[in-house]
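Peer 1: For reference, the structure I am asking about is given below.
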Amino acid sequence: MLPLKQIVPFILQAQLSLLISPLFWLLVLVVAYQYRRLARLKEELFGVRGESAWQPTLTAVAYGVLGGLGGSFIMVLVGVSLSGIGINYLWVLALLLMLLNPRFLCFSYAGGLISLSALVFGRPQVDVPHLMGLVAVLHMVEALLIRLSGHLGAIPVYTSHQGQVVGAFNMQKFWPIPIAALALVTLPPWLPPGAAVPMPNWWPLIRPAVMPEPEQALFVVLPVAAGLGYGDLALSSRPEEKSKLSARNLAVYSLTLLGLSILASYYRPLTWLAALFGPLGHEYTIWLGRRVEIRGEPLYVPSDLGARILDVVRNSPAAKLGLRSGDVLLKVNGWPVRDRETLRAALEGAWEQVEVVFYRAGEEERTARVYKAPSDPLGVILVPEPGDKPQVELMSPGWLGRWWREKKK
């Protein structure tokens, strides 16, 4: 058994030191900027104003601390060490790959390429099992965060699907992660006897390439500020369902990669399998999610019954009416509603009270009333109509990809 009573204070101390570190809060500002950008995108697309960037940012910080705590325990349990894994190479290559496509800003691709380079050319010299173990643990944390909050704040968009413009939800999340990691260091001569925590013989699960003698070296717990991001598009499933599926696939991927990393640390020829599975397994995970969306029937398309709602603005009259994404407006103030134009005409004659008759899948028709000022919008975003243009692509290239596409024209 791990001596948790002795380990927990080290992990909590590492996290606390990050929470009061300017570096971590600089990362929080970067996350806040991303959420501010998404709020502006929603305003540009649909004229929705007043979306706060700080509410999702603070929510992301709370979930990030929770995910970092879980990830810290996994890092210590497995014994992933940052020593000798080329963390600087990892960041530089990930940023370069992002220029090709934003989704390549992921350690699975950069880690896999660095590991393969080390195996084929001997450069850079990295401990492949520990490098891929780090990738696996970070994806475990990401899977947990996607499951808990990946669907929150999804942005309604129009996209192209099999030659048709349909409604969808652009799911983008960012989390600042305070995590405790390990580093293998030489045992300092000034360390008093008994200051180090003795670990069981089976630890670490991921063995270093050269396992030092206990009296010569030890693992220290270091605070590390990390950032995780998630991007997806839900058009044939609801954001909640999409995030559950993505989290499940990513959890299976990360557990498999972690298992390969552990085995590779004992039987070194398996490092090839771990290095290849990192990027290829991640690509297959993404392909599985996209196949569901491409093959599935889009949910957010016009209805023969009335005007289908893509999204409802928070704190709007529509939200007070209890309207939800996917509901179909049948009548507004007695007027049949089919699209944006008929909805606008029905609202023009409304003064204070608005009566809405709507249909929800699997239920009978409902009627609801709300008071609103004549100048206030109802607060619904309808699915695209004939003639609307797509706003986002299911697969968007990065800067270099866009440059190459323009050059070929």
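The values are calculated or read from the model by the stated rules, or taken from the named source; none is laboratory data. Here the structure is a predicted model, which is why all the values come from computation and not from measurement. Cβ sites come from the backbone with ideal geometry, for glycine too, and all protein chains shown count toward neighbours.
Peer 1: Going by the structure shown, is Pro193 at pLDDT 75 or above and assigned by TED's automatic domain parsing to the domain that holds Ile286? It would help to see each step written out before you state the result.
Peer 2: Values: at pLDDT 75 or above: no; assigned by TED's automatic domain parsing to the domain that holds Ile286: yes.
No, not satisfied.
Peer 1: So the check is Cβ under 6 Å with 6+ separation or different chains; which pairs have a first residue in segment 325-351 that's farther than 27 Å from Phe169 by Cα and a second one that's assigned to a helix (DSSP H, G or I)?
Peer 2: Asn333/Ala346; Trp335/Ala346
Peer 1: Scan Arg207, Arg248, Arg238 and give me the residue that is modelled with pLDDT of 85 or more, within 17 Å of Leu184 (Cβ to Cβ) and not hydroxyl-bearing (Ser, Thr, Tyr).
Peer 2: From the options Arg207, Arg248, Arg238, the qualifying one is Arg207.
Peer 1: Answer with yes or no whether His161 is of a type outside the set (A, V, I, L, M) and over 17 Å from the mean Cα position of the chain (by Cα).
Peer 2: yes
Peer 1: Determine if segment 105-112 includes at least one residue that is surrounded by fewer than 21 Cβ atoms within 10 Å (Cβ to Cβ), of a type outside the set (D, E, K, R), touching a strand residue (DSSP E or B) at 6+ places or on another chain (Cβ under 8 Å) and assigned by TED's automatic domain parsing to the domain that holds Arg49.
Peer 2: yes
Peer 1: Given the condition touching a residue at least 40 places away in the same chain (Cβ under 8 Å), farther than 17 Å from Leu260 by Cα and under 20 Å from the mean Cα position of the chain (by Cα), answer yes or no: does some residue in segment 106-123 qualify?
Peer 2: Checked against the condition, which is being touching a residue at least 40 places away in the same chain (Cβ under 8 Å), farther than 17 Å from Leu260 by Cα and under 20 Å from the mean Cα position of the chain (by Cα), segment 106-123 yields at least one hit.
Peer 1: Okay, next question. Considering only residues that are among the hydrophobic types (A, V, I, L, M, F, W, C), assigned to a helix (DSSP H, G or I) and under 16 Å from Arg366 (Cβ atoms), which ones fall in segment 286-341?
Peer 2: Ala318, Ala319, listed by residue number.
Peer 1: Can you tell me how many residues in segment 67-81 are surrounded by fewer than 19 Cβ atoms within 10 Å (Cβ to Cβ) and over 20 Å from the mean Cα position of the chain (by Cα)?
Peer 2: The total comes to 2.
Peer 1: Residue under question is Asp311, and the condition is that it be surrounded by 19 or more Cβ atoms within 10 Å (Cβ to Cβ), touching a strand residue (DSSP E or B) at 6+ places or on another chain (Cβ under 9 Å) and closer than 27 Å to Gly153 by Cα; does it hold?
Peer 2: Spelling it out, Asp311 is indeed surrounded by 19 or more Cβ atoms within 10 Å (Cβ to Cβ), touching a strand residue (DSSP E or B) at 6+ places or on another chain (Cβ under 9 Å) and closer than 27 Å to Gly153 by Cα.
Peer 1: Quick one: Ser236 ticks every box in (1) among the polar types (S, T, N, Q); (2) within 28 Å of Ile11 (Cβ to Cβ); (3) surrounded by fewer than 20 Cβ atoms within 10 Å (Cβ to Cβ) except a single one, so which number is it?
Peer 2: Among (1) among the polar types (S, T, N, Q); (2) within 28 Å of Ile11 (Cβ to Cβ); (3) surrounded by fewer than 20 Cβ atoms within 10 Å (Cβ to Cβ), Ser236 violates only (2).
Peer 1: From the list Ala14, Ala60, pick out the single residue that is in contact with a strand residue (DSSP E or B) (Cβ under 7 Å, 6 or more places away or on another chain), farther than 19 Å from Met132 by Cβ, modelled with pLDDT of 90 or more and surrounded by 17 or more Cβ atoms within 10 Å (Cβ to Cβ).
Peer 2: On inspection, the qualifying residue turns out to be Ala60.
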